[in-house]
Amino acid sequence: MPHLQINLLEGKTEEQKQELAKELVKAAQKVIGYGDESYSVTIEDFTSGEWKSEIYPKKIIGRKDILYKEPGYEM
């Protein structure tokens, strides 16, 4: 069952997060299939300091083996 994990800079509203989750599921369904009941989504907020020290080096650049779209920025 697909589980989508989103790491996000803090500051987005709950409404924006709900809409993001909804649209991500719709896009995934279009590409890989499965019914709505098969999907789950988590969205975790991080400060810019956490992004720089944890997310970017460890979860993005440090995971190039599973990185399907590289960021257009460097830290």
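Assorted remarks:
- Once the Kirkwood radius over Cα pairs is known for the chain, the Stokes-Einstein relation at 4 °C and 1.567 mPa s delivers a diffusion coefficient of 94 µm²/s.
- Pairs exceeding 23 Å between alpha-carbon atoms, taken from K26/K69; K26/K52; K17/K64; K30/K58; K22/K64: K26/K52; K17/K64; K30/K58; K22/K64.
- Distance between the modelled labels on S38 and K17, one decimal in nanometres: 2.6 nm (7 Å Cα→Cβ projection).
No lab work stands behind these numbers, since they all come straight from the coordinates. Values in this document were obtained by computation on a predicted structure and should not be read as measured data. Cβ atoms come from the backbone with ideal geometry, glycine included; neighbour counts cover every protein chain shown.
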